[in-house]
Structures are given as structure tokens and as C-alpha cells.
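Any read-out appearing in this document is the output of simple, stated calculations on the displayed coordinates, not a laboratory observation. If you're wondering where the values come from, they're calculated on a predicted model, not measured in any experiment. Virtual Cβ from ideal backbone geometry, glycine too; neighbours counted across all protein chains shown.
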Amino acid sequence: MQMPCELPLLGDSAFPRLGDALDAGVMLAKFRDHLQPAGKATCEILACRLSRIRHRKAERSILQYTLRISESGCQKRKVDR
């Protein structure tokens, strides 16, 4: 799903990989590859969604994702922000 604000952001040459960062599917794969649970916990990232964008052209871009995770061996699911 494309957010209405994505199109102007994609034209910012200061952030050539911003398109990937705005793609929840790409980011879900990155989160699964790079985030590991602390201690002996086992969890799976089930989904992610872009929940906040702050962008200042050619200066900075802050993207906040909300992750839905499931802990193995438990029935509970939680949202981690």
C-alpha cells in the first residue's frame, strides 16, 4: 500500500534508498534478518507497518515502524514500538 506522502519523498536525491525504507515488505525482511530477541526468548516478527514519517528535504528522514511480534511457546501476541 502506498502512502500519499511517499511520492514527494522519493524525489529527494539526498536519500537514494528511501524508497526501500518506505516499503514495508522490504523492511519486514530487513527486520527479520537483523533483529534478534534478548536472552533465551524466541520470537518471530509477523508484520510491520510504517507508523510515522518525519522528513526534511536534503537534511534528514526519520521513519518509525510498528512491529507485530509473536513469542514462540506463548499464546500472546504483542505490539512493540
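What residues from region 13-50 fall in the zone where the backbone N is under 16 Å from a label point 7 Å along the Cα-to-C-beta line of residue 56? 14-15, by backbone N distance to the label point. Annotation for residue 44 and residue 26: the two label points, set 7 Å from Cα along the Cα-Cβ direction, are 2.6 nm apart. Compute the FRET efficiency between residue 71 and residue 13 as 1/(1 + (r/R0)^6), taking r as their Cβ-Cβ distance and R0 = 35 Å, and round to the nearest 0.05. Working from the Cβ atoms, E equals 0.25. As a proxy for reagent exposure, 57, 40 were ordered by neighbouring Cβ count within 10 angstrom, fewest first; the result is 40, 57.
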